[in-house]
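Provided herewith is a single structure, encoded as structure tokens, for subsequent inquiry.
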Amino acid sequence: MEYNFREIEKKWQKNWEDNRVLRVENDPTKPKYYVLDMFPYPSGAGLHVGHPLGYIASDIFSRFKRLKGFNVLHPMGWDAFGLPAEQYAIQTGQHPAITTKNNIERYKSQMNMLGLSYDWSREYKTSDPSFYKWTQWIFLKLFKSWYNNKTAKAEPIDALILQFEKSGTSGIHAACGEELNFSAEDWKGFDDKKKSDVLFNYRLAYLSEAWVNWCPQLGTVLANDEVKDGVSERGGYPVERKLMPQWSLRMTAYADRLLNDLNDIDWSDSIKEAQRNWIGRSEGSSLMFKLNGNSDTITVFTTRPDTVFGVTFITLAPENELVGKITTEDKKAAVEEYIKTSKNKTERERQAEVKRVSGEFTGAYVIHPFTGKEIPVWVGDYVLAGYGTGAVMGVPAHDSRDHAFAKHFGLDIPMVIEAPEGWDILKESYDGKTGKCINSDFLNGLEVKEAIKIAIEQIENRGLGKGKVNFRLRDAAFGRQRYWGEPIPIYYKDGIPTPMDESELPLELPKIDKFQPTETGDPPLARATDWKYKGKYQYEYTTMPGWAGSSWYYLRYMDPNNPNEFASKEAIDYWQNIDLYIGGAEHSTGHLLYFRFWTKFLYDLGLVPFVEPAKKLVNQGMIQGVSSFFYSLTLSYSRIPDGNTVSLPTIIISKEFYEKINAGNLSELEKDNLMSFCIEQIKKLNPNINLPHLISPLKASSHRVDITLVKDDKLDITEFKRKYPRDDIFFYQIAETYYCGHEVEKMSKSKWNVVTPDDVIAQYGTDTMRMYEMFLGPLEQSKPWSTQGISGVHNFLRKFWKLFFNEKGEFIVGVDPCVDPTATATPIGAGSTHGSTPTSSPTTPTAAPTPAELKILHKTIKKIEEDIERLSFNTSVSAFMICLNELHELKCNKRAILEPLIICLSPFAPHLAEELWSKLGHSTSVLKASYPKFEEKYLVENTFSYPVSFNGKTRFMLELPLNLSKEEIEKQVLSSEDAQKWIKDTPVKKVIVVPNKIVNIVV
RNA sequence: GCCCUGGUGGUGGAAUUGGUAGACACGCAGGACUUAAAAUCCUGUAAACAUUGCGUUUGUGCGGGUUCAAGUCCCGCCCGGGGUACCA
């Protein structure tokens, strides 16, 4: 009987669905295991072969954990709010909900085709009001909380208000926008609006005037992690800085915990490192500089207070509000001009100009707090408004940026830390953190590390500032001027942002006629007519960003249909946090930070009993596409005297020609031939034209071609011509085969290099696809997609299948009543031969297994288990192949061996396993079986084949009993014939014996 | 620039704690079966030299080092991939 994967796979996918075998109950009697894939944003393109890599891995892992007796939660849902569907809506008018729904259907059918064991009864999408009700609910909790630095946790804002009423800000140590100081009386005197403004300084979800990343083309604000290289991550549109009222989440309050707790989770070093860098903790000190002849002060943040005697200027960020205040009359025009031009720069321009120094002197001076010297104050856009205090002390000798600035404007560069011998401080700053202080008064002679400590002490003693920690991490911009997101449950009453009551949630997205901003520049939600709180008050028009729902979605799977809570306490207590989380590395600083932040917040509120959402995180590598290219001449003409237009032919040339042309290596002869060919074709296309004047030098360009037209770099010219039926395409000097060039790139529709799992599955089946993706290499490694080698995996499955059949195609592995190593979960129904009828066979498949066979089996059981546990799926596929090769050699088809093997294989090739399992007479799914127990006794050997090496080079093998002592081994080895041959007359200096490993003889 | 990764046959990759480098698979070559092909099965396959056979030497990006022993550890470089970008 042939291995008919098409039939088998269809049959079992239907069976799993019909019998709801993949359903998971919250069953406290069983140990839990939570395996989660990062849920996808369902784009219109569907899944390509890169997507399933992680899904298959997590599926194998889940199925394995089930076999090991765990109650496994392995759900899937949809990150359904987002920009692409809305952009599409703007272009076509199709409601994003419809686009999203269609895309989800496609994704889901593809996932089912992959045999993924999701419990679809727990599915949801973040755009369901029943889901985003709880996203809004968490937002309200954030709104109603502040962060108490004393207790290091979020606390109710009401408690803070009580404190204000009692004692004002005194004794309060809060995470806030700016340090405020007011008394209880002051507080009581504030009107409602003022109180609201003050509280926004403390709330974890707050509204403020803030510098934001504004993307005019998308018409919205973006978070830092949504901006890459100064352009939007989605769409690649320019981003500029803009000051506007803005909802933000006070994530900076959690910076320390987000950093420290990284130590306790099993995530890859690279992700942890990326997060550490993103959070960017730096220790230093604040330091005040008094303005000369003025009561104002400038406070800077520095990590190098040891260099304070090397300060020769102060630089303020252009956005710093002190600039306007301190600039002297004569400098005003120039400074204002400078601020204006720097403000108008997009982020991209600003970044591109990093190397170019710019700035302007304000005319103001400060007094150096230790030397009393006058120090000029400058403005420069290398100083960022959003970091530290938006002001730096310029120490040109020991900071490369200050150095560039000082050099450009001719400021002093005095050395205060001893640089290594021969260092030219005028040429390059010495930024190193070792050396002794010089020219530094009380710091002289101290090492940098010690000097930093002393300097901070002095600064604090003199009341000039204090030791401080700064973070690069910014508060997360939370509002989007967009339609397709969760509405923010806030309305405006007398101009005061007021939260809705939790009982009034969800606040549903209103219907609107168009998805663009209004004519007056308001977000699309302003188009909703009669959309007012209690018919009276205007709602907030911005919506939440794409990452809002994904910051807590993993909790909803635990109790997805609960109308009363985001998830019940019982469900959360049972499932706890994610045991294994798999997804792409592109989320390392966005999603994964927000997701950790929200978890910590929910923990502070006592809503979840853990501080980290995912214990273990694995990033699957990207599967890249291989794009194909063809090459053509770029033809151009000199002006044609009679002014007629000319039709240009497309002349396709070989890769060699393309390279030669671009390198300018074409010989005169080649050039002439090519020219006359071109002229000939041009004449064909333009019969009435006199000789056109081709311009040399020749130019050539490359073009992507759909990879479905290319196989092994060979272009299918017939297909190509059929697809592009034009009479102006000519192949130059190409007779039969055209060899395309290729390049490895990201797999994407626009690059014509997409391979879908559908194609692969149609040809080889799901089980082959699953195993092949795993066989490609380590899960975390990126690799280009190639089907070279897929036949090896396919052959393996066919060979495995054939083990169960004789030459006549009859199923020959019978029911053997005496051996059932799988035991516990599924006793074999006595005599019930469900499926096909076992027949007797000359190979006696019911006979007892031999020690050799048992050894093969148990070696495999052990290896597969170990490999799955460390997510090394590629080596487990090899292990199966080795096992099969060995069984094949022994012509083994005994049930006692094959039945447990089916279980081992079932996480990888679940359909094939189910089919064989049922043919063996089982009436329940192999999903309900138990992973076979590994028995050490079958692997025990009494001899070991020692590799014997001389000076580290292996020369021969020697089989020796295991129970020999080191000395005996040495004796045996040295007296062996082979060893004597190698030793000859040279004296043996030393013999190293590592029992059961190796023998090394030094001569 | 900085941080993180990786670099092993013709190809994908294996070697888990310093202990037989190249498992497994693809590809290729040869053979069996076949009228023939496909499929299947068997054999070989790191390179160089030698070849009648035994073999010998080299070899995990490059250069050093530690060690009885290095793909694995240390130092200095080169190259690819990813992240980040004036963070004071």
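Among the residues of the range A:293-345, count how many are aromatic (Phe, Trp, Tyr) and at positive phi. Reasoning before the result, please.
To start, the set of residues in the range A:293-345 that are aromatic (Phe, Trp, Tyr) comprises A:301, A:309, A:313, A:338.
Now drop any that are not at positive phi, which leaves none.
The qualifying residues number 0.
Also, I was wondering about something else. Run A:TRP146 past the list (1) crowded, with 23+ Cβ neighbours inside 10 Å; (2) not assigned by TED's automatic domain parsing to the domain that holds A:TYR254 and report the number of the one that doesn't hold.
Going through the list (1) crowded, with 23+ Cβ neighbours inside 10 Å; (2) not assigned by TED's automatic domain parsing to the domain that holds A:TYR254, A:TRP146 breaks only (2).
Further question: Within the range A:584-592, identify whether any single residue is open to solvent by 10 Å² or more (accessible area, probe 1.4 Å), away from RNA strand B (no atom under 16 Å from the Cβ), touching a strand residue (DSSP E or B) at 6+ places or on another chain (Cβ under 7 Å) and in the same structural domain as A:VAL608 (by TED's automatic domain parsing), and answer yes or no.
no
OK, next. With the condition kept exactly as written, say whether any residue in the range A:160-168 is basic (Lys, Arg) and in contact with a Pro (Cβ under 9 Å, 6 or more places away or on another chain).
No, the range A:160-168 contains no residue that is basic (Lys, Arg) and in contact with a Pro (Cβ under 9 Å, 6 or more places away or on another chain).
If you take the residues in the range A:374-393 that are assigned to a loop (DSSP other than H, G, I, E, B) and under 12 Å from A:THR315 (Cα atoms), which one is most open to solvent (accessible area, probe 1.4 Å)?
A:LEU384
Let me ask something additional. Please find, within the range A:760-781, the residue that is most open to solvent (accessible area, probe 1.4 Å) out of those that are near RNA strand B (Cβ under 7 Å from one of its atoms) and touching a helix residue (DSSP H, G or I) at 6+ places or on another chain (Cβ under 9 Å). Steps first, please.
First, the residues of the range A:760-781 that are near RNA strand B (Cβ under 7 Å from one of its atoms): A:775-778, A:781.
Narrowing the set further to residues that are touching a helix residue (DSSP H, G or I) at 6+ places or on another chain (Cβ under 9 Å) leaves A:775-778.
Numbers: A:PHE775: 73, A:LEU776: 52, A:GLY777: 11, A:PRO778: 55 Å².
The extreme case among them is A:PHE775.
Take the residues of the range A:537-558 that are open to solvent by 10 Å² or more (accessible area, probe 1.4 Å) and part of a loop (DSSP other than H, G, I, E, B): which is modelled with the lowest pLDDT?
Step by step, filter the range A:537-558, then rank; the result is A:GLY546.
What's the total number of residues in the range A:883-922 that are in a helix (DSSP H, G or I) and either over 21 Å from A:ASP59 (Cα atoms) or touching a residue at least 24 places away in the same chain (Cβ under 8 Å) (or both)?
Residues meeting the conditions: 26.
Are any residues in the range A:294-305 open to solvent by 10 Å² or more (accessible area, probe 1.4 Å) and either in the same structural domain as A:HIS587 (by TED's automatic domain parsing) or within 8 Å of RNA strand B (Cβ to nearest atom) (or both), and if so, which ones? Talk me through it step by step, then tell me what you get.
Quick first cut of the range A:294-305, residues open to solvent by 10 Å² or more (accessible area, probe 1.4 Å) only: A:294-297, A:299, A:301-304.
If the condition is that a residue be open to solvent by 10 Å² or more (accessible area, probe 1.4 Å) and either in the same structural domain as A:HIS587 (by TED's automatic domain parsing) or within 8 Å of RNA strand B (Cβ to nearest atom) (or both), then A:PHE301, A:THR302, A:THR303, A:ARG304 are the ones that fit.
Shifting gears a bit: Which members of the range A:356-374 meet the condition of being within 15 Å of RNA strand B (Cβ to nearest atom) and in contact with a Gly (Cβ under 9 Å, 6 or more places away or on another chain)?
A:VAL357, A:SER358, A:GLY359, A:GLU360
Taking into account only those residues within the range A:486-505 that are under 34 Å from the mean Cα position of the chain (by Cα), part of a loop (DSSP other than H, G, I, E, B) and modelled with pLDDT of 95 or more, which is farthest from A:TYR594 (Cα to Cα)?
Checked the range A:486-505; the qualifying residue farthest from A:TYR594 (Cα to Cα) is A:PRO489.
A quick yes/no check of all residues on (1) over 37 Å from the mean Cα position of the chain (by Cα); (2) open to solvent by 50 Å² or more (accessible area, probe 1.4 Å); (3) within 16 Å of RNA strand B (Cβ to nearest atom):
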| residue | (1), (2), (3) |
| --- | --- |
| A:ALA397 | yes, no, yes |
| A:MET415 | yes, yes, no |
| A:ALA419 | yes, no, no |
| A:TRP423 | yes, yes, no |
| A:THR434 | no, yes, yes |
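Hey, among A:PHE956, A:PHE880, which residue is near RNA strand B (Cβ under 10 Å from one of its atoms), assigned to a helix (DSSP H, G or I) and either buried (at least 23 other Cβ atoms within 10 Å of the Cβ) or of a type in the set (Phe, Trp, Tyr) (or both)? Break it down into steps so the answer makes sense when it comes.
Numbers: A:PHE956 fails: assigned to a helix (DSSP H, G or I).
Selected residue: A:PHE880, the only one of A:PHE956, A:PHE880 that is near RNA strand B (Cβ under 10 Å from one of its atoms), assigned to a helix (DSSP H, G or I) and either buried (at least 23 other Cβ atoms within 10 Å of the Cβ) or of a type in the set (Phe, Trp, Tyr) (or both).
Just give me the residues in the range A:394-430 being assigned to a loop (DSSP other than H, G, I, E, B), out of contact with any strand residue (DSSP E or B) (no Cβ under 7 Å at 6 or more places or on another chain) and modelled with pLDDT of 90 or more, in sequence order.
Selection gives A:VAL395, A:PRO396, A:ALA397, A:ASP399, A:GLY410, A:ASP412, A:ILE413, A:PRO414, A:MET415.
Additional query: How do the pairs read when you match residues in the range A:140-168 that are free of Cβ contacts under 8 Å to residues at least 60 places away in the same chain with residues anywhere that are among the acidic types (Asp, Glu) and part of a helix (DSSP H, G or I), using Cβ under 7 Å and keeping only pairs 6 or more apart or on different chains?
Pairs that qualify, where the first residue is free of Cβ contacts under 8 Å to residues at least 60 places away in the same chain and the partner is among the acidic types (Asp, Glu) and part of a helix (DSSP H, G or I), are A:GLY168/A:ASP186.
Return the only residue of A:ALA154, A:ALA210 being of a type in the set (A, V, I, L, M), part of a strand (DSSP E or B) and open to solvent by less than 10 Å² (accessible area, probe 1.4 Å).
On inspection, the qualifying residue turns out to be A:ALA154.
If you scan the range A:35-82, which residues turn out to be at pLDDT below 95, farther than 27 Å from A:VAL877 by Cα and not in a loop (DSSP other than H, G, I, E, B)?
Of everything in the range A:35-82, nothing turns out to be at pLDDT below 95, farther than 27 Å from A:VAL877 by Cα and not in a loop (DSSP other than H, G, I, E, B).
I need a count of the residues in the range A:749-778 that are among the hydroxyl-bearing types (Ser, Thr, Tyr) and closer than 17 Å to A:PHE873 by Cβ.
Of the residues in that region, 3 qualify.
Do you know which of the residues in the range A:259-293 that are among the aliphatic types (A, V, I, L, M), out of contact with any helix residue (DSSP H, G or I) (no Cβ under 6 Å at 6 or more places or on another chain) and within 17 Å of A:TYR594 (Cβ to Cβ) is farthest from RNA strand B (Cβ to nearest atom)?
So the residue we want is A:ILE265.
Restricting attention to the range A:385-426, which residues are in contact (Cβ under 8 Å) with a residue 60 or more places away in the chain and aliphatic (A, V, I, L, M)?
Passing the criteria: A:ALA385, A:ALA391, A:VAL392, A:MET393, A:VAL395, A:ALA397, A:ALA406, A:LEU411, A:ILE413, A:MET415, A:VAL416, A:ILE417.
Still on this structure: Quick one: count up the residues across the range A:441-500 that are on the phi > 0 side of the Ramachandran plot and either of a type in the set (Asp, Glu) or not assigned by TED's automatic domain parsing to the domain that holds A:PHE200 (or both). Full working, then the answer.
Going residue by residue through the range A:441-500, those that are on the phi > 0 side of the Ramachandran plot are A:441, A:445, A:463, A:465, A:494-495.
Those still in the list that are either of a type in the set (Asp, Glu) or not assigned by TED's automatic domain parsing to the domain that holds A:PHE200 (or both) too: A:441, A:445, A:463, A:465, A:494.
Total satisfying the criteria: 5.
If the requirement is being part of a helix (DSSP H, G or I), under 24 Å from A:LEU53 (Cβ atoms) and of a type in the set (A, V, I, L, M, F, W, C), which of these qualifies: A:VAL793, A:VAL755? Before the answer, list the steps.
Details: A:VAL755 fails: part of a helix (DSSP H, G or I).
The unique qualifying residue is A:VAL793.
Same structure again: Taking A:VAL308 as meeting all but one of (1) crowded, with 20+ Cβ neighbours inside 10 Å; (2) touching a Gly at 6+ places or on another chain (Cβ under 8 Å), write down the number of the exception.
For A:VAL308, the exception is condition (2).
Another question about this same structure. Being among the aliphatic types (A, V, I, L, M) and open to solvent by 10 Å² or more (accessible area, probe 1.4 Å) narrows it down to one residue among A:VAL926, A:VAL948, A:VAL994; which is it?
Result of the check over A:VAL926, A:VAL948, A:VAL994: A:VAL994.
The values are calculated or read from the model by the stated rules, or taken from the named source; none is laboratory data. This is a predicted model, so every value here is computed, not measured. FYI the Cβ positions are ideal-geometry reconstructions off the backbone, even for glycines, and counts take in every protein chain you see. With ligands, DNA and RNA removed, areas are computed over all heavy atoms of the protein, side chains included. Shrake-Rupley method; radii C 1.70, N 1.55, O 1.52, S 1.80 Å.
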